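Input: a single structure, listed below in structure tokens.
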Amino acid sequence: MPLISLSVDEVRRAATKVKEVSAGLSPLPLLSVPGQPDLSLALAEFVACLNDCRSEREREIDATAAGLRDVADLFEGTETAAVEGIRALASAAGWSLP
């Protein structure tokens, strides 16, 4: 007697899709310019900064996916409790449920 299972499936699919976004992120390679040590150092610092930002976004994406999975788990728990409550009420009232 699923009440909200379609919503749970959609939330779980969304969590999977969100997680797929971070799978495509990869660190940028370090660059250097031959004979230009100052420019190479500046590029390395810039790329390191971009890679740090990428890592931070990846952590946020992972947290969003985990949050969506938690919501789906909460929905499932609520659905189970509601079904059990309805069955208990029906049993107390003498009704038969499929």
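Please go through (1) open to solvent by 70 Å² or more (accessible area, probe 1.4 Å); (2) free of Cβ contacts under 8 Å to residues at least 12 places away in the same chain for residue 57 and return the number of the only condition it doesn't satisfy.
(2)
Considering only residues that are assigned to a loop (DSSP other than H, G, I, E, B) and free of Cβ contacts under 8 Å to residues at least 12 places away in the same chain, look in the range 27-44 and name the one that is farthest from residue 62 (Cα to Cα).
The selected residue is 35.
Taking the options 24, 94, 85, name whichever one is at pLDDT 90 or above and small (Gly, Ala, Ser). Step through it out loud before you land on a result.
Numbers: 24 fails: at pLDDT 90 or above; 94 fails: at pLDDT 90 or above.
It is 85.
Determine which single condition residue 36 fails, assuming it passes every other condition in (1) open to solvent by 70 Å² or more (accessible area, probe 1.4 Å); (2) in contact with an Asp or Glu (Cβ under 8 Å, 6 or more places away or on another chain).
(2)
Quick one: count up the residues across the range 60-98 that are open to solvent by less than 70 Å² (accessible area, probe 1.4 Å), without any contact (Cβ under 8 Å) to a residue 60 or more places away in the chain and either aliphatic (A, V, I, L, M) or not in a helix (DSSP H, G or I) (or both).
Count: 10.
The values are calculated or read from the model by the stated rules, or taken from the named source; none is laboratory data. Remember, it's a predicted structure, so these values are computed and weren't measured experimentally. Every residue, glycine among them, receives a Cβ derived from its backbone with ideal geometry; neighbour counts consider all protein chains shown. Protein only, heavy atoms only, side chains kept; ligands, DNA and RNA dropped before computing areas. Shrake-Rupley method; radii C 1.70, N 1.55, O 1.52, S 1.80 Å.
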